[in-house]
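Structure, as structure tokens:
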């Protein structure tokens, strides 16, 4: 049996309106490749460069009621960012992380567009100046890259270090923002 696109859209909208979805997601094209976007009723919970097995991964963290449905507001803000028309995001976030991670991610969100900070600098800002490696671990597990701009964090000597999407994407995001790299 084939379901018409109109009926499929109505079903998805009804499920969302009735609160029958724990997390919804979509896979979108971007200038840095495909992105998995996911949101709960509380807010954006995931941006990932890995799009395979999205439903299973999201179900393990957010609940088994997973639905693929457009995330128009998230997509619009990302499109504006990639077009150079947005410097800050106005999205509600659903961060389900440990308290230290949450503190680091909140401080990370304050790093201005086009500016760089270091792992050690971020550690000092959260009151743990000797925790640069722990901050690096948080950056490695950042559930919402781009919006929570871990690409703006560099090594103590200004070098580009690991990034979930790869260093070529980190460099592309920094170039988009006009950040000055001291390499």
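The values are calculated or read from the model by the stated rules, or taken from the named source; none is laboratory data. Predicted, not measured: the structure shown is a model, and the values here were computed from it. Because the Cβ atoms are built from the backbone with ideal geometry, glycine has one as well, and the counts that use them run over all protein chains shown.
Tabulated data for the structure shown
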{"quantity": "Total residues in the stretch 1-45, condition in contact (Cβ under 8 Å) with a residue 60 or more places away in the chain and touching a helix residue (DSSP H, G or I) at 6+ places or on another chain (Cβ under 7 Å)", "calculated": "4"}
{"quantity": "Residues that are outside any loop (DSSP other than H, G, I, E, B) and out of contact with any strand residue (DSSP E or B) (no Cβ under 6 Å at 6 or more places or on another chain), drawn from the stretch 131-141", "calculated": "132, 133, 134, 135, 136, 137, 138, 140"}
{"quantity": "Hits in the stretch 69-90 - residues which are surrounded by 12 or more Cβ atoms within 10 Å (Cβ to Cβ), under 23 Å from residue 18 (Cβ atoms) and out of contact with any strand residue (DSSP E or B) (no Cβ under 6 Å at 6 or more places or on another chain)", "calculated": "73"}
{"quantity": "Count of the stretch 125-142 residues which are under 22 Å from residue 30 (Cα atoms) and surrounded by fewer than 21 Cβ atoms within 10 Å (Cβ to Cβ)", "calculated": "2"}
{"quantity": "Any hit, the stretch 93-106, residues being buried (at least 19 other Cβ atoms within 10 Å of the Cβ) and under 21 Å from residue 175 (Cβ atoms)", "calculated": "no"}
{"quantity": "Given (1) under 30 Å from residue 41 (Cβ atoms); (2) free of Cβ contacts under 8 Å to residues at least 40 places away in the same chain; (3) outside the structural domain of residue 43 (by TED's automatic domain parsing); (4) over 12 Å from the mean Cα position of the chain (by Cα), index of the condition residue 76 fails", "calculated": "(3)"}
{"quantity": "Residue check for residue 122: within 23 Å of residue 25 (Cβ to Cβ) and either part of a helix (DSSP H, G or I) or in contact with a helix residue (DSSP H, G or I) (Cβ under 8 Å, 6 or more places away or on another chain) (or both)", "calculated": "no"}
{"quantity": "Residue within the stretch 105-114 that is under 17 Å from residue 37 (Cα atoms), touching a strand residue (DSSP E or B) at 6+ places or on another chain (Cβ under 7 Å), at pLDDT 95 or above and not assigned by TED's automatic domain parsing to the domain that holds residue 31 present", "calculated": "no"}
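Yes/no matrix, rows are residues, columns are (1) part of a loop (DSSP other than H, G, I, E, B); (2) in the same structural domain as residue 116 (by TED's automatic domain parsing); (3) more than 24 Å from residue 61 (Cα to Cα); (4) modelled with pLDDT of 95 or more:
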residue: 143; (1), (2), (3), (4): yes, yes, no, yes
residue: 146; (1), (2), (3), (4): yes, yes, no, yes
residue: 157; (1), (2), (3), (4): yes, yes, yes, no
residue: 161; (1), (2), (3), (4): yes, yes, yes, no
residue: 165; (1), (2), (3), (4): yes, yes, no, no
